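The values are calculated or read from the model by the stated rules, or taken from the named source; none is laboratory data. The shown structure was predicted, so the numbers you read here are calculated from the model rather than taken from an experiment. Backbone-built Cβ (ideal geometry, glycine too); neighbour counts: all protein chains shown.
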Amino acid sequence: MEEISDQSGGSSSKKPSTAPSNNSIMSKTTPHKNVFTNFILQKLEADGFITPNNKAEELEKNLTKPEYLYALRLLIEDLTNKFSSTVLTNLLKALADHTPFDHHSMEIVIRLELHLRTLVAVLERICFSSIVLSKELRDKVYNSLTKFAEFHRKTTQVISEGLENVFRSNQFNQSQENDKVIFQKRNYNIDFLLIHLRDTLHSLRDDETWFREMLRRVKECLKAALNIPSSVTGIPKAIPSLITHLRQGLSFKYPIASYYVGWRIMLIIRYNLFALSEDSVINKKIEEMTLMEYFWGNLEIEWANVVDKSILNSQSKFDEISNELVEVLMNAGSFLNDLVGNEPLALPHTLWFGILDLAQSYIQKSTRKSTYGLCYYLAIESLNKAPSSFIQFKAIEILLHLYNINNELFSMIKIDFDQYTQKLRETKSTDSSEKFQILLEFVREKCFEDFAQLNIDFKLPINDNEKGKRKGKGKCLQREQTPILKEIADEMADPISLEPTDQLCILKCQHEISLNDLKRLKECPICREEIKNVDVKYLPQTTIYNNLHQKFVEANLQSEDSDQVINNQNDSDDSDNSEADQMLTKKKIFFNAIKLNSRVSLSSLFPRFSKKQHPTYQNIIKEIGEKNYEKAESLCKDFLNFFPKSYSLRCVLAYIYRCLGNYEQAHFYLDEAIKLNGKNSIAWYIHGEMYFRENMYGRVIDYLRYRESNINKQYIILGNSYLFESENNYKESENYRNKAIENFGVALRNYPNNYLCLKNCAYVYEKQENYLNTLEMLDRLLSINKKDSLILCYYGEILNKLRRYNESIKYFTKANEIDPENIHILIKKAITYCILKKYDEALLDLNRVIQLNSFNSKAYYYKGIVYYVTEDINNAIVAFKKCTELDSNNSLAKMHFYHLKNITDKNNFIDINNNIITEINEINDDKSLLFIRCKINIELRRYVDAKLELNRLFELDNENFSFVYLLRKYSDFWLYLCEVCKINDDKLIKFGIVDKFNIYMFEDFTLPKFYDILLLKIHYGIIWKINVKEIISDDCYVKFTFKQEEKEENSNEDNSLEYILKYEDLLKLKGLGWIEYTSFYYLYINNPGWIQLSIETNSIDMEIDYVRFMQFHDYNSERICYPEIDHLLSYHQTIPEALKDKYFLREEMENLLELKDIIN
């Protein structure tokens, strides 16, 4: 289950724009936020394709469309997705089809690479699954590679000669001499992918037990290297030795390319590291840094093989082998014979290229700047040592991708390219220099096209020729590289010496120390937890350290003699030398250093003794840890006298006062700290955290919003403050919610599984009515804890808002199984059953609520609703009466009670209805109460008042007015309205529209005119009210047709749409009674001449009441709704509001400041 790379491929059917000139900065495209966030995949899930298998099968139907191909690749490369063997083999067959590649363009080059990457991803998933491919299927894929290789050669020739050239009949049959004249603009990614596919298929012909054996051995080796308990001992931990150990004893029945063993080992290492990370055996940092160490270890070997050779010395040999390889790949017979006989031919340095390709995939997925930096130096070193254009191509591509990700951090890449070009010129290789410029421009164009097809911002280094000619560029480059080195140094640093080290150890408490400190310490120097070697994970970074040590020194990020000091310390630790001998050794080192370098700083020669190492400081920390705050306060105030200008001591003292609840004193010491160092963010952060505890959210925002910080919790506190302030400030509520999302987003980038952030994001999105994003957050929460009953219930509530009731009931049921006595969940479940017309199930849940709490008025209200819609009037009256007794403020229950009483008590009809009118006389904005009042006024023949209420109902909701059809039986009222509004019904009567209700609904001026609304150019759905009574035969269907004619007289375009319900669909509708069914979503009706709707049925007994248009904001809404019930349901809060104390845990929100945030 491993992919080769994550390089961009096409994902849009639009033709990409031409690549910008060197003076352009970026393309006019939409920023790319997350490599695994894909609109196509989201839409598939919304359309009901939930499982990875379903999505893959649907995407397989559109492999010629780049956006669908890209979505498929993302789906396959997401290793958390599981696929059946049938789906994977079907995909393999489909992707082996070469016939769609029938023309030549830059766009097709991008698509071919994406196609092959997707094919590689599928084949890798098969390799890591329990699937054995048949010989016939392997041969089919083999043969397809021949066709792909031939197409790649021809396309390369066309691109190299220029697409603007006129095609000649003999274009692809030109002589080899002519081919050499033109510099080949070749996408080497395709060459690499073809070689990988060939050799992977070849290896699968072998006894496949070797693959399982390799998986096992790599897993054991990784465990040994990382000090994870393993059943195997005696495995080396150093990278070169470990790779050699893995190669030993590995043999194949058939010859394989020499690079492939190392390449396959690398892929299996990557897969195992991912698996260990997913199982929480190691953290993300160990996964990425260990893989980077393996990258550097392998490439160090590759670099050693070319270190004594001149630049680009292997280009001629590479070109010769490259041409030979093309011929081999294009000759099917030779291709298959090679696989049986001699070692298959491969391009020189294929492993080097592959590791760079893997590094590029991590660039696109990782959020760590240190990973970006390590990949930058991998690319720079590879470029400077590149023996051919093959490696140049890949190094350039990585550097351009890095610039695109962070053009400030990697602003020096343009200088790097200029320096490399100058280096080529200095070696008197003008031809090589010119070819590099052509290659650079080609890769720039390719990258631009890659990203343009994905609608992603792509920034290119500015071509500032004058800047490139300035003197002192070497110093400028070193200065520009320092921020990158600092990111790497911080990641590799020992927290005690604060300098990079070659081996870090991750303790059980997740704090890091160097291997040297581990040997001498018995407890964690940060949290003081006892150190047990069995719990320690080793993080090897020796190769990286050795390669970058001199750069750290030159950037003043490490003292030059640190290695000597460390080595001597190590020697003394293992010897019997006395303390005096050790001091003499250090004294000798000191004087030698002075002699060697008179400018060396004393701080680099002596151990760093700071106040944090002072016994009093250690006692302060100990007392705080044991919650002896008064004693800690006394010690800290005394210690502050020795360090009167200490910023950190004031922050620690403020923390102590905060723990004592003395916020005034805490704020005082923080203000003093800020006067000493206003740029340090920790004092501002503690200020903000305390103001949050005091519910002063505006103050929190004022203190923290302009303060950048590396403390992730600061963004959580700021997000929480914006969230709560949005509840208090209606005018700025939307702006504050956006700010909350922005800050939570920063926190989630660093810690994607932060439960508090995800919960709060879900609530903000709900308040913004962005329900799809709400569901995305809830999905992430459930992936962390699938048994959180509150989140399950909340998920169901959001699905209800999207009218996806059949889905929501499943979530309410799961939540109820986990928390069977949660009344809120039971009521939401009962309401949904009521909407779905499953009244018996609804009554069971409501009776259960009453058993748990006999004073719950809502349960009686909804019982009354159930009895009312099932026409059990007497029980409905009893339930509504009980509800009003428990909650005298429930006006809606009172209205139902009085209304039902007037039905049963005709003697007091007028008095009862007058009481109802009096009760709700002040209600103007509650649709349910207004509807009841309108209905009663109609029954009392108070048509003037009824008309006013009807108009108000239309004002409150001019999109969904299905409630009005519940009043159509009052024919005298509609006659009155037609007369009062002076509606001329002659033209409607000609069309057979005679019913006064229909005439009024068609012509009434109080309703928004459909054609007027169309001028807004918004999206509409078409909704039919139908009742499927009986299905006569299984060949039945219902066909809805929508047709519009454009106003342009000469338009012959057919603008008709059809939507068909077949037997399986109609079975789901049978017996539901009257429902509203949405046949068309998201219609964009622009400038219509006329619109025609029609419906055709076959072998079905179905009634139709009406059809209406409705503006749609969400095309994922459920197609079925029940208009009879909607007006009866009162507003019911969702989980975050109804169970605020449980959802917004105050303890969780106020536990966002720890002592380690200050002392670290």
Worksheet entry | Residue check, I131 crowded, with 21+ Cβ neighbours inside 10 Å and of a type in the set (V, I, T) | no
Fill in: Matching residues in region 667-722 - criterion: being of a type in the set (F, W, Y) and within 22 Å of L649 (Cα to Cα)
F668, Y669, W684, Y685, Y691, Y703
Item to complete: Just name the residue that is nearest to the chain's Cα centre (by Cα) out of those in region 381-410 that are aromatic (F, W, Y) and assigned to a helix (DSSP H, G or I).
Response: Y403
Practice prompt. Those residues that are assigned to a helix (DSSP H, G or I), of a type in the set (A, V, I, L, M, F, W, C) and buried (at least 17 other Cβ atoms within 10 Å of the Cβ), I need them from region 829-849; list them, please.
Written response: A830, I831, C834, I835, A842, L843, L846, V849
Response to the item:
Going through region 71-121 in order, the residues found to be of a type in the set (G, A, S) and more than 21 Å from F39 (Cα to Cα) are S84, S85, A94, A96, S105
Practice prompt. Would you tally the residues in region 961-998 being at pLDDT below 80, hydrophobic (A, V, I, L, M, F, W, C) and in a helix (DSSP H, G or I)?
Written response: 7
Discussion item. Looking at Y254 and the list (1) under 32 Å from the mean Cα position of the chain (by Cα); (2) modelled with pLDDT under 70; (3) not small (G, A, S), which single condition is not satisfied?
Written reply: (1)
Discussion item. Exactly one of these conditions fails for E821: (1) modelled with pLDDT of 90 or more; (2) touching a helix residue (DSSP H, G or I) at 6+ places or on another chain (Cβ under 7 Å); (3) part of a helix (DSSP H, G or I). Give me its number.
Written reply: (3)
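Just checking, which of N760, N712, N695, N750 is of a type outside the set (D, E, K, R), under 18 Å from L1153 (Cβ atoms) and crowded, with 20+ Cβ neighbours inside 10 Å?
Going through N760, N712, N695, N750 in turn, just one is of a type outside the set (D, E, K, R), under 18 Å from L1153 (Cβ atoms) and crowded, with 20+ Cβ neighbours inside 10 Å: N760.
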Worksheet item: Can you name every residue in region 776-788 that is within 17 Å of L1145 (Cα to Cα) and surrounded by fewer than 18 Cβ atoms within 10 Å (Cβ to Cβ)?
Response: N785
Fill in: Filtered residues of region 781-806 (kept if in contact (Cβ under 8 Å) with a residue 60 or more places away in the chain and over 19 Å from A1138 (Cα atoms))
L802, R803, R804, Y805, N806
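Restricting to region 1134-1160, and then to whatever is of a type in the set (A, V, I, L, M) and part of a loop (DSSP other than H, G, I, E, B), can you tell me which residue is farthest from G688 (Cα to Cα)?
The initial filter retains those residues of region 1134-1160 that are of a type in the set (A, V, I, L, M), namely 1135, 1138-1139, 1145, 1149, 1152-1153, 1155, 1158-1159.
Then keep just the ones that are part of a loop (DSSP other than H, G, I, E, B); that gives 1139, 1145, 1152-1153.
Numbers: L1139: 26, L1145: 19, L1152: 11, L1153: 10 Å.
Step by step, filter region 1134-1160, then rank; the result is L1139.
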Worksheet entry | I686 being under 19 Å from I1159 (Cβ atoms) and in contact with an Asp or Glu (Cβ under 7 Å, 6 or more places away or on another chain) | no
Worksheet item: Quick check, is I413 free of Cβ contacts under 8 Å to residues at least 60 places away in the same chain and within 17 Å of L358 (Cβ to Cβ)?
Response: no
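Among I380, I391, which is buried (at least 23 other Cβ atoms within 10 Å of the Cβ), among the hydrophobic types (A, V, I, L, M, F, W, C), under 19 Å from K435 (Cα atoms) and in contact (Cβ under 8 Å) with a residue 12 or more places away in the chain?
Within the list I380, I391, the selection yields I391.
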Worksheet item: Looking at I621, I656, which one is crowded, with 17+ Cβ neighbours inside 10 Å, in a helix (DSSP H, G or I) and modelled with pLDDT of 90 or more?
Response: I656
